[in-house]
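Enquirer: Please see the structure below; I have some questions.
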C-alpha cells in the first residue's frame, strides 16, 4: 500500500510474546485505531482491511494476535469464563503500554467486538470511539447453532488445515477455545450488559442482516445499553464478516462515524 509505513512488533508479556502489526499513514492524525480479531482470527486474517482503514481514515491502525493465536506465543492453559472481559487488562493493556497509547479508538470483530466493549468500559476516559462488527452481546440460540455447525465442518478431513495455515500447531487449541467455551453450560448466561453501562464514548455497531452467528438483537442491545451515544447499522445482504464482504460500506460507515 502506498503512503503507509507498515511495521511488525513483538510485545513481551508475563504469559508470552504477542505479535502486533502497525499501519501508519504519512500524515497520521487523531487517536490510533486498535483492531481486535474474532474467535478464529489473527492479524493475517484481517487481510487488506487494516491498510484500507488507515488510508481511508488517516489514523494509524494497530492489530495484534491474542495469546494463543496467529504468530503470538501459545496460551499456557485454556480460556476461562470471563475471557472476553479480561482481554482489556491482558493483551490490550500490554499493547497500550508497548506503544505508549493514551487516547484510542477500538474496533472489534465478533468476539473481538465484545472485547472492544470491555476495553472501552475499562478505559472510559481514554476511549474516544468504539466500533463493533458482528459482535455478540449475549448468548443467542443462533450463535450456538452456528458454532455447532462450524465445529462439525472442522471435523471433516483437511478442514483443520485451514486454521493451521494461520495458527500453526495452535490450531486445535484455537478451535476448542471457541467451541468449548461458547457451548459450555456456565457460559449460557453470559452477556455484556454490565460492561456496556460503563462505556462513555460514541458507539458504532455494524451487523450483517444475514449473520449466521447472531441476529439484529445484538447491535440493538449494544446501542440500547451503552452508556454513551450509539448508532446501529444493519448491512443488507451481508454475513458475519462485513469488512471482507462489504469493505467499502464498512469503511464509509467508519469514516462518517469518526468525523
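Any read-out appearing in this document is the output of simple, stated calculations on the displayed coordinates, not a laboratory observation. Treat the numbers as computed from the prediction; the structure is a model and nothing was measured. Backbone-built Cβ (ideal geometry, glycine too); neighbour counts: all protein chains shown.
Enquirer: Within segment 198-218, take every residue that is more than 18 Å from the chain's Cα centre (by Cα) and in contact (Cβ under 8 Å) with a residue 60 or more places away in the chain and give me the one that is farthest from residue 103 (Cα to Cα).
Expert: By that ranking, first place goes to 217.
Enquirer: Only one of 34, 24, 61, 43 is surrounded by fewer than 18 Cβ atoms within 10 Å (Cβ to Cβ) and in contact with a strand residue (DSSP E or B) (Cβ under 8 Å, 6 or more places away or on another chain). Can you tell me which? I'd like the intermediate steps shown before the answer.
Expert: Details: 34 fails: surrounded by fewer than 18 Cβ atoms within 10 Å (Cβ to Cβ); 61 fails: surrounded by fewer than 18 Cβ atoms within 10 Å (Cβ to Cβ); 43 fails: surrounded by fewer than 18 Cβ atoms within 10 Å (Cβ to Cβ).
One residue alone meets the criteria, 24.
Enquirer: Here's another thing I want to ask about it. Which residue pairs have Cβ atoms under 8 Å apart, sit 6 or more places apart or on different chains, and have a first residue in segment 76-87 that is in contact (Cβ under 8 Å) with a residue 24 or more places away in the chain and on the phi < 0 side of the Ramachandran plot and a second that is assigned to a helix (DSSP H, G or I) and loosely packed, with under 12 Cβ neighbours inside 10 Å?
Expert: Short answer, once both residue conditions are applied: 81/186.
Enquirer: Looking only at residues in segment 70-91 that are in a loop (DSSP other than H, G, I, E, B) and in contact with a helix residue (DSSP H, G or I) (Cβ under 6 Å, 6 or more places away or on another chain), which one is surrounded by the fewest Cβ atoms within 10 Å (Cβ to Cβ)? Steps first, answer last, please.
Expert: Step one: list which residues in segment 70-91 are in a loop (DSSP other than H, G, I, E, B), which gives 70-82, 87-90.
Right, trim to in contact with a helix residue (DSSP H, G or I) (Cβ under 6 Å, 6 or more places away or on another chain) and you get 70, 74, 79, 81, 87-88.
Working: 70: 22, 74: 15, 79: 19, 81: 12, 87: 23, 88: 22.
That would be 81.
Enquirer: Of the conditions (1) surrounded by fewer than 24 Cβ atoms within 10 Å (Cβ to Cβ); (2) under 23 Å from residue 63 (Cβ atoms), residue 156 fails just one. Which one is it?
Expert: Answer for residue 156: the failing condition is (2).
Enquirer: Also, quick follow-up: Read through the list (1) part of a helix (DSSP H, G or I); (2) in contact with a strand residue (DSSP E or B) (Cβ under 7 Å, 6 or more places away or on another chain); (3) within 23 Å of residue 212 (Cβ to Cβ), then give the number of the only condition that residue 163 fails.
Expert: (2)
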